[in-house]
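The values are calculated or read from the model by the stated rules, or taken from the named source; none is laboratory data. Quick caveat, the model's predicted, so the values are computed rather than measured. Heads up, the Cβs are rebuilt from the backbone with ideal geometry, glycines too, and the neighbour counts pull from every protein chain shown. Surface accessibility is based on the protein's heavy atoms, side chains included, excluding ligands, DNA and RNA. Shrake-Rupley method; radii C 1.70, N 1.55, O 1.52, S 1.80 Å.
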Amino acid sequence: MDRGTDGAYKVVMRGEVFDGRGFLRSAISGKEPDPKSKTKNVDFDVDLKLGAVAGYNGEAVRSLDVKVSRRGGTIKSFTLAGKLGRDTPLTGDFRGHAQGQGRDVIELETNDAGAFFRFTDTYAKVVGGQLELAMDPPTVEPSAREGLINVRDFSVKGEAALDRLAAGGPTTTPSGVSFSRLRAEFTRQNGALTIREGVLKGPIIGGTIEGSIDAASQVRMSGTFVPMYGLNNMFGQIPFFGLFLGGSNEGLIGVTYEVVGSLSQPVLRVNPISAIFPGVSRKIMEFPTGKQNNQVEYPPPPPNN
């Protein structure tokens, strides 16, 4: 590490093997930096090349090459290249105002979403999938950081409750239950990750998801599984009446569920009785686990005359 003429630290790191689990846990938690830290506003240029970075669940990123630059507490450039799973490329890039974007974002992409989720200890039962992850870059100021995740063409294997819902369907294979797309928005703040407007689509099963993962890595999420998603969800697309027949992403028939427990061993529970409640009436059978507590602000009462 040397200090350049502009005052920024030039850091070069080389190595064969690095245990990245501590770094991953800290990065995923989204905890705010100590406001009294002397490194809060340090400018730096980091050039890192490692033979292998060990993650969780036996996964590792190999041939990792990362370059990142920060000035005035703001990320100015970022690139990442490596290999996940069976030599599947993992790439990262920085897109911002210089590239004509409306906001600065960090983007990660790989064609092995399952390996990425296992590596970060997010969820160990995904197989395959094309991952696109976009998120606000970290800053020195405490603030909520938004993000968006898209995953296409993947399977979930070994989730007993999900296997029972899809039993007998053509997408129930030795590789698990197949899905065509997962999309969700998320916010990271004060060590917690909040997921909202999550939509899961597949030929046999679809659904919705919302909830949170707190600073202690405890999961609290809920939503609705929709069997025969393509046909079932069609009723929800009918103007006006679709609201009562399931809404835009929930079907006429659905099963509510919740996911609770630790991040490393989450437990999935379903409520089969909810299947007999069609459309909007199914709301009374939803698990409250992942619901956002949005307080309604009422106007102040008029002054007394």
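What number goes with the only condition from (1) surrounded by fewer than 20 Cβ atoms within 10 Å (Cβ to Cβ); (2) without any contact (Cβ under 8 Å) to a residue 40 or more places away in the chain; (3) not aliphatic (A, V, I, L, M) that Gly85 does not pass?
All conditions pass for Gly85, except number (1).
How many residues does the range 114-126 contain that are assigned to a loop (DSSP other than H, G, I, E, B), touching a residue at least 60 places away in the same chain (Cβ under 8 Å) and more than 13 Å from the chain's Cα centre (by Cα)?
Of the residues in that region, 1 qualify.
Test each condition in (1) aliphatic (A, V, I, L, M); (2) out of contact with any strand residue (DSSP E or B) (no Cβ under 9 Å at 6 or more places or on another chain); (3) modelled with pLDDT of 95 or more for Ala115 and report the one that comes out false.
Of the numbered conditions (1) aliphatic (A, V, I, L, M); (2) out of contact with any strand residue (DSSP E or B) (no Cβ under 9 Å at 6 or more places or on another chain); (3) modelled with pLDDT of 95 or more, the odd one out for Ala115 is (2).
Any idea which of Gly82, Gly30 is modelled with pLDDT of 95 or more, under 22 Å from the mean Cα position of the chain (by Cα) and either on the phi < 0 side of the Ramachandran plot or not β-branched (Val, Ile, Thr) (or both)?
Answer to the check: Gly82.
Cβ-Cβ below 8 Å, separation at least six or inter-chain, first residue in the range 211-232 and at pLDDT below 80, second of a type in the set (Lys, Arg) and open to solvent by 20 Å² or more (accessible area, probe 1.4 Å): which pairs?
Ala215/Lys31; Tyr229/Lys201
Answer yes or no: is there a residue in the range 97-113 that is among the acidic types (Asp, Glu) and touching a residue at least 60 places away in the same chain (Cβ under 8 Å).
Among the residues of the range 97-113, not one is among the acidic types (Asp, Glu) and touching a residue at least 60 places away in the same chain (Cβ under 8 Å), which makes the answer no.
Taking the residues in the range 1-27 that are among the hydroxyl-bearing types (Ser, Thr, Tyr) and not in a helix (DSSP H, G or I) as candidates, determine which candidate is modelled with the highest pLDDT.
My answer is Tyr9.
So for the range 130-139 (the condition being assigned to a strand (DSSP E or B), more than 30 Å from Pro89 (Cβ to Cβ) and of a type in the set (A, V, I, L, M)), does at least one residue qualify?
Checking the range 130-139: not a single residue is assigned to a strand (DSSP E or B), more than 30 Å from Pro89 (Cβ to Cβ) and of a type in the set (A, V, I, L, M).
Filter the range 167-185 down to the residues that are surrounded by fewer than 21 Cβ atoms within 10 Å (Cβ to Cβ) and either at pLDDT 85 or above or touching a strand residue (DSSP E or B) at 6+ places or on another chain (Cβ under 7 Å) (or both) and list them by number.
Thr171, Ser175, Ser180, Arg181, Arg183, Ala184, Glu185
If a residue must be farther than 26 Å from Val140 by Cβ and either open to solvent by 40 Å² or more (accessible area, probe 1.4 Å) or polar (S, T, N, Q) (or both), how many such residues does the range 50-72 contain?
Number satisfying all stated conditions: 5.
Show the residue pairs that are 6+ apart or on different chains and have beta-carbon atoms under 6 Å apart, the first residue being within the range 128-155 and small (Gly, Ala, Ser), the second being part of a loop (DSSP other than H, G, I, E, B).
Ser155/Ser175
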